[in-house]
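Reading through the structure tokens given below for one structure.
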Amino acid sequence: MLLLRCPLPLLLLLLPLGSRPQKLPTRDEELFQMQIRDKTFFHDSSVIPDGAEISSYLFRDTPKRYFFVVEEDNTPLAVTVTPCDAPLEWKLSVQELPEEASGEGSGDPEPLEQQKQQITDEEGTELFSYKGNDVEYFVSSSSPSGLYQLDLLSTEKDTHFKVYATTTPESDQPYPELPYDPRIDVTSLGRTTVTLAWKPSPTASLLRQPIQYCIVINKEHNFKSLCAVEAKLSSDDAFMMAPKPGLDFSPFDFAHFGFPADNNSGKERGFLKSSKFGRQTSPKPRVDLHRVCIGNKNIFTVSDLKPDTQYYFDMFAVNTNTNMSTAYVGTFARTKEEAKQKTVELKDGKVTDVFIKRKGAKFLRFAPVSSHQKVTFSVHSCLDAVQIQVRRDGKLLLSQSVEGVRQFQLRGKAKAKYLIRLKGSKKGASMLKILATTRPNKQSFPSLPEDTRIKAFDKLRTCSSVTVAWLGTQERNKFCIYKREVDDNYSEEQKKREQNQCLGPDTRKKSEKVLCKYFHSQNIQKAVTTETIRGLQPGKSYLLDVYVIGHGGHSVKYQSKLVKTRKFC
């Protein structure tokens, strides 16, 4: 007899190809299905059916024994024990069957209960023992007939586990086979992402069985089985979900232990979800563990991780026909550190251009070299609104949203240092210009009216001209107007994308320029100017832009206006 302590896939390579599986009486399909339907047959929680995985529970320091019978000599045998959330001590032993119970007799086989009663209290011959929390196998290509006993004990805590036994290992193959290199490779590492790759299971690539890969991510340790993951996710260390009948049949009636089963358990897939049972327990803290099943892909990027944090990654190949799984060799990786935020130094009276990524932020610092009574911050947001915060020596002085051009004047303080935080838009990247100065008369940005729209007079439209108006201020500024012919299907969405207020007249073609003029009014109610733009083509659309240019040379663009000349006059 050849006893092997090795993974099941390796045994299958060692078995003779011509050997035929020898069935036990309990492997008879009609009898086996009858036993499954008759739950009283398994009510003592001690019988292991041939070719089905069972799930059970161990109370700490309370041993449990299981039995199964091998009726004929030279029978292949494989036993797999899967600890879930605690190490196990287990031992497999065999006793000879009474002569009348052996395969040489005639007639129907005797019930297992009668066979057990005919066995003495001797411990039998020990075949294999193990202590630990690994998924461990006993495999033999030629086992003797006898009554086999599997003894299990948990000395650490109450725990659950799984057992699978079969006399036809070469044909069953319920567990997915691992590739020759079962490691998970980290192929890419970022601040919030980790990309993993692994070799496919031969069960999928060669045997064409339906295999699904499930990834588990946590910050504590690697897991050796999907059963251990489910145990970690369970709310109160109760039993696992009742498995699907006929696939991973469980012979145990949960009510026998006083734990009513979840009525909805059949609606969920056992290897993905944990179930809740009726015991009243105190709530436990949320488990920071995530798992996702990704089909048959063998590369996956885990996202939304925290920077500079160590994560553990486990991969499980799951046979979707049997719901049984095999663990790859887990790995771990630490995400990259968050890029240190650089602080931009602002110079007194000098405009600084700032670019901010979507949802990003930038920090600026302003440290006046001389004493000052006031400090002025001028901000020109080129696209969408941005958030600005100003702190003086750690104290928050200002927190506002800025759209267009805004100016803020704050009380100064000797030797004060100002920290400015700019937060971008959620819609997209942000661009802005900012100026800080201790000299109130140093204004680089032109003043703007509250309304920066351009109004077109429809009644004054002709086939070759349009008349428009816009508001000014009490400050004398230079205004330049530009025109550009556009297609008739030019949309408001296209206009919005081109609405960068920081792009000045220097970016326009000379042929697009209409005119420039100075304009202001001491009476703010009369600060309105009009202009007729001539030389246009009949029935054509034009985009009009007005730029106001300040004393420092910086310009601000009004909101663009789309106009169209009359087609017939």
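Quick rundown of the values:
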{"quantity": "HN-Hα J in Hz across the stretch 368-378 - Karplus 6.51, -1.76, 1.60, θ = phi - 60°, x for Gly and Pro", "calculated": "x, 7, 10, 5, 8, 8, 9, 10, 10, 10, 10"}
{"quantity": "10 Å beta-carbon shell around A228, net charge (K/R +1, D/E -1)", "calculated": "-1"}
{"quantity": "Potential extension, V344-R484 segment - 0.36 nm per residue separation minus Cα distance", "calculated": "46.7 nm"}
{"quantity": "At most 11 other Cβ within 10 Å, DSSP loop - trypsin sites (Lys or Arg not before Pro), the stretch 183-235", "calculated": "R208"}
{"quantity": "Relative contact order for the stretch 296-419, counting Cα pairs under 8 Å that sit 6 or more residues apart, in percent", "calculated": "20"}
{"quantity": "Hz values of 3J(HN,Hα) by residue in the stretch 169-179 - Karplus curve (6.51, -1.76, 1.60), Gly and Pro given as x", "calculated": "x, 6, 10, 6, 6, x, 8, x, 7, 7, x"}
{"quantity": "Two-site label geometry, L207 and F363: point separation in nm, points 7 Å out along Cα→Cβ", "calculated": "5.7"}
{"quantity": "Convex hull per residue volume in Å³, alpha carbons only, for the stretch 122-165", "calculated": "109"}
{"quantity": "R392 - accessible surface, heavy atoms, 1.4 Å probe, Å² rounded to 10", "calculated": "40"}
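The values are calculated or read from the model by the stated rules, or taken from the named source; none is laboratory data. Quick caveat, the model's predicted, so the values are computed rather than measured. Neighbour counts are summed over all protein chains in view; Cβ atoms, including those assigned to glycine, are modelled from backbone coordinates with ideal geometry. Heavy atoms of the whole protein, side chains included, go into the accessibility calculation; ligands, DNA and RNA do not. Shrake-Rupley method; radii C 1.70, N 1.55, O 1.52, S 1.80 Å.
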